[in-house]
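Report on one structure; see the data block that follows.
The values are calculated or read from the model by the stated rules, or taken from the named source; none is laboratory data. Computed from a predicted model, the values in this text were never measured in an experiment. Note that we place each Cβ from the backbone using ideal geometry, even for glycine, and neighbour counts take in every protein chain shown.
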Amino acid sequence: MTTIAELEKLPRIVPKRFRVEDFRRMTEAGILPEESGWEIIDGYLIDKMSIGSKHASIVRRLSKLLERKFGDTTQISGQNPVYLDEFNEPEPDIALLKPRDDFYEESHPTPKDVLLLIEVSNSTIEFDRDIKKTLYAEAGIVEYWIVNLPDETVEVYSQLKNGNYHLVRIIEKGEMIESNAVEKLKLTVEEILGL
């Protein structure tokens with residue numbers, strides 16, 4: 001029988017870090033189902049939180065608003081991968097993408113393809129505000145929004161410089177969100193939240 005003293009002599013246990021390529025192979029092999037609810041952040045598989053009906057309705061509403069306003073000049077991608085680097089392939093709630101004839105069939109979009117990323121956040125607000133915001137800024141995503149459900153606000157992160165967002169705006173009910181990255185993109189908080 002192994003004793004505690006023997007276990008303490010073992011080298012420190014380190015979690016396995018995966019590359020996006022490994023994650024894709026596990027999915028193709030059926031180890032992880034394609035619709036598994038996992039995303040890869042910093043090489044670790046993150047089990048995405050279940051989506052409540054309010055979250056889902058806002059994603060659908062916002063997707064429809066964006067499609068109506070920009071469907072001819074952009075592609076709206078909902079809860080699909082964006083390849084940032086070999087260790088990061090998050091699945092933001094909404095990605096507003098530069099149009100491509102193949103609709104990104106040949107490869108997932110990369111930061112140069114992204115005009116705007118949006119996360120709808122309820123229980124994951126700290127993760128979206130800290131981990132994902134930093135990840136998106138370091139990858140060169142020019143603008144990032146968090147639809148903050150508990151506070152009924154939209155946090156807008158823009159003016160990217162040296163891997164950091166230098167402008168942070170908290171847009172409240174009664175105010176207009178105006179994108180710095182997407183020309184003519186103006187929405188009210190009420191339009192997004194359905195108020």
Inset, instruction - Assess whether Ile118 counts as being loosely packed, with under 13 Cβ neighbours inside 10 Å and of a type in the set (Val, Ile, Thr). - result: no
Legend entry - Failed condition for Ile146, given (1) at pLDDT 95 or above; (2) in contact with a Ser or Thr (Cβ under 7 Å, 6 or more places away or on another chain); (3) surrounded by 14 or more Cβ atoms within 10 Å (Cβ to Cβ); (4) over 16 Å from Glu91 (Cβ atoms): (4)
Inset, instruction - Within the range 157-169, identify whether any single residue is under 21 Å from Leu66 (Cβ atoms) and buried (at least 21 other Cβ atoms within 10 Å of the Cβ), and answer yes or no. - result: yes
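Please pick out the residue among Gly37, Gly43, Gly30 that is on the phi > 0 side of the Ramachandran plot, surrounded by fewer than 13 Cβ atoms within 10 Å (Cβ to Cβ) and of a type outside the set (A, V, I, L, M, F, W, C). Please lay out each step first, then the result.
Working: Gly37 fails: surrounded by fewer than 13 Cβ atoms within 10 Å (Cβ to Cβ); Gly43 fails: surrounded by fewer than 13 Cβ atoms within 10 Å (Cβ to Cβ).
Of the residues listed, the single one that is on the phi > 0 side of the Ramachandran plot, surrounded by fewer than 13 Cβ atoms within 10 Å (Cβ to Cβ) and of a type outside the set (A, V, I, L, M, F, W, C) is Gly30.
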Inset, instruction - Among the candidates Thr153, Thr124, Thr188, single out the residue that is more than 14 Å from the chain's Cα centre (by Cα) and in contact (Cβ under 8 Å) with a residue 24 or more places away in the chain. - result: Thr153
Inset, instruction - Select from the range 150-187 the residues that are polar (S, T, N, Q), over 21 Å from Asp72 (Cβ atoms) and at pLDDT 90 or above and list them in ascending order. - result: Thr153, Ser158, Gln159, Asn162, Asn164
Inset, instruction - Considering every residue within the range 129-137, establish whether at least one is in contact with a Gly (Cβ under 8 Å, 6 or more places away or on another chain), in a helix (DSSP H, G or I) and either hydroxyl-bearing (Ser, Thr, Tyr) or buried (at least 18 other Cβ atoms within 10 Å of the Cβ) (or both). - result: yes
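Using the structure shown, decide if Ser107 is surrounded by fewer than 16 Cβ atoms within 10 Å (Cβ to Cβ) and closer than 26 Å to Asp47 by Cβ. First the steps, then the outcome.
Working: surrounded by fewer than 16 Cβ atoms within 10 Å (Cβ to Cβ): yes; closer than 26 Å to Asp47 by Cβ: yes.
Against the criterion (surrounded by fewer than 16 Cβ atoms within 10 Å (Cβ to Cβ) and closer than 26 Å to Asp47 by Cβ), Ser107 qualifies.
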Inset, instruction - Give the residues of the range 80-104 that are charged (D, E, K, R), within 16 Å of Ile40 (Cβ to Cβ) and within 8 Å of the chain's Cα centre (by Cα), sorted by residue number. - result: Glu91
